Amino acid sequence: MAESDQRRYPVTGFILVGFPGLQDVESGLGSLLLVVYILIIVGNVSVLYMVTTDKRLHMPMYFLLANLAAVDLVLTTAVIPRILARLILHHKFILWSNCFVQMYFFHSMSAAKILLLSIMAYDRSAAICNPLYYLSLTRDAIFGKMAGLAWVTGMVCFLPPIMLASIFPFCGANEVYNSFCELLSVTSLICTDASIVQFVILVLNVMLVVLNFVYIVYSYINIAKSVKGSALPELRKTLSTCVGHMLLTSFYFPSVVLYIAIFYFGCIPPIISVAFAVLYVTLTPLLSTIIYILSAKQMRQKIVQLIRRKKISPPFGSTVAVESH
């Protein structure tokens, strides 16, 4: 198709290819994804409920965990229902405006999550290395301000490349080799030179991923120096407060780096990149909830308390006989 013909018929929406070559099993994949999505919703809503209703969990670490759960709820709700519509209902077409809205929430919440992980590393470092200073931070509610800044920064930092991509012409081919709208997949369809958009995305990703990962590693180096020489029981107690964050960081950052590398430098079949993109938006939010509930003692105690309360509570609609005198 000539360039003049392409520009005569501008793209008004995109076709989500889904899993190329696996069309026959897409409904089964969609059903599995629906179960995972329900688990993500239940898990993260449970975290929010426990943190907000239990005064024992009104601490910076759990406050930041609640923010992390809220971020995962927004991210997955912006992306997974669209994937389910593609896989189960076979709705392949998505409007141009809806695609860019989904793209914005996917990238902004991913950025906010990375920033929250850095703040959680700062929280652990301050609590272990400078406990007296940490008490003053808690009194000043500084972590609430930092969490708010993470949300605002995440929602702002990806606006420039998304707005820049929106003014470029999309014409001709409109097939997105993904199950949802993601910036790198969509901008590859721009029919003019879009190197400036790719460059801005690369710079933002490097700044977010590399700088925050370096800071987290630096925080744990300080923690290791601080607990060096401590008695074994004290060492175990101290490090147990970091297990959840360490596990989540060690899983999340490599997945982000691999996700970016696949789209920038990977010469791999489309099915692998699509599958990894879906795993990225489903597996990390699910594991976040599981890791923190299992690693946080107060969380486990709260769950056991709720389960026991349900077991001993009378069935709905039951009556208690009251002896009259």
- [ ] Consider K92 carefully, then state whether it is in contact with a helix residue (DSSP H, G or I) (Cβ under 7 Å, 6 or more places away or on another chain), of a type in the set (K, R) and open to solvent by less than 10 Å² (accessible area, probe 1.4 Å).
- [x] no
Task: Given (1) out of contact with any Phe, Trp or Tyr (no Cβ under 9 Å at 6 or more places or on another chain); (2) open to solvent by 10 Å² or more (accessible area, probe 1.4 Å); (3) not hydrophobic (A, V, I, L, M, F, W, C), number of the condition R82 does not satisfy - done: (1)
TODO: Would you check which residues across the stretch 23-48 are open to solvent by 70 Å² or more (accessible area, probe 1.4 Å) and at pLDDT below 85 and list them?
DONE: Q23, D24, V25
Task: Qualifying position, being under 26 Å from Y215 (Cα atoms), crowded, with 23+ Cβ neighbours inside 10 Å and among the hydroxyl-bearing types (S, T, Y), among S125, S108 - done: S108
- [ ] Please work out if L239 is farther than 24 Å from V281 by Cα and open to solvent by 40 Å² or more (accessible area, probe 1.4 Å).
- [x] yes
TODO: Just name the residue that is farthest from the chain's Cα centre (by Cα) out of those in the stretch 87-129 that are part of a helix (DSSP H, G or I) and of a type in the set (F, W, Y).
DONE: W96
Open item on the list: Within the stretch 36-53, take every residue that is without any contact (Cβ under 8 Å) to a residue 40 or more places away in the chain and in contact with a helix residue (DSSP H, G or I) (Cβ under 8 Å, 6 or more places away or on another chain) and give me the one that is nearest to L75 (Cα to Cα).
Closed with: I41
Open item on the list: I'm trying to understand the selection: among the residues of the stretch 242-256, which are touching a residue at least 24 places away in the same chain (Cβ under 8 Å) and open to solvent by less than 80 Å² (accessible area, probe 1.4 Å)?
Closed with: C242, V243, G244, H245, L248, T249, F251, Y252, F253, S255, V256
Task: Residue check for S179: open to solvent by less than 40 Å² (accessible area, probe 1.4 Å) and assigned to a loop (DSSP other than H, G, I, E, B) - done: yes
Open item on the list: Name the residue that is surrounded by the fewest Cβ atoms within 10 Å (Cβ to Cβ), counting only residues in the stretch 136-167 that are of a type in the set (A, V, I, L, M) and not in a helix (DSSP H, G or I).
Closed with: I167
TODO: Kindly check whether there is at least one residue in the stretch 55-73 that is out of contact with any helix residue (DSSP H, G or I) (no Cβ under 9 Å at 6 or more places or on another chain) and under 30 Å from T138 (Cβ atoms).
DONE: yes
Task: Within the stretch 211-234, considering residues that are aliphatic (A, V, I, L, M) and open to solvent by less than 50 Å² (accessible area, probe 1.4 Å), the one modelled with the highest pLDDT - done: I216
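The values are calculated or read from the model by the stated rules, or taken from the named source; none is laboratory data. Bear in mind that the values here come from a model prediction, so they are computed numbers and not experimental data. Note that we place each Cβ from the backbone using ideal geometry, even for glycine, and neighbour counts take in every protein chain shown. In case anyone asks, the SASA skips ligands and DNA or RNA and just uses the protein heavy atoms, side chains included. Shrake-Rupley method; radii C 1.70, N 1.55, O 1.52, S 1.80 Å.
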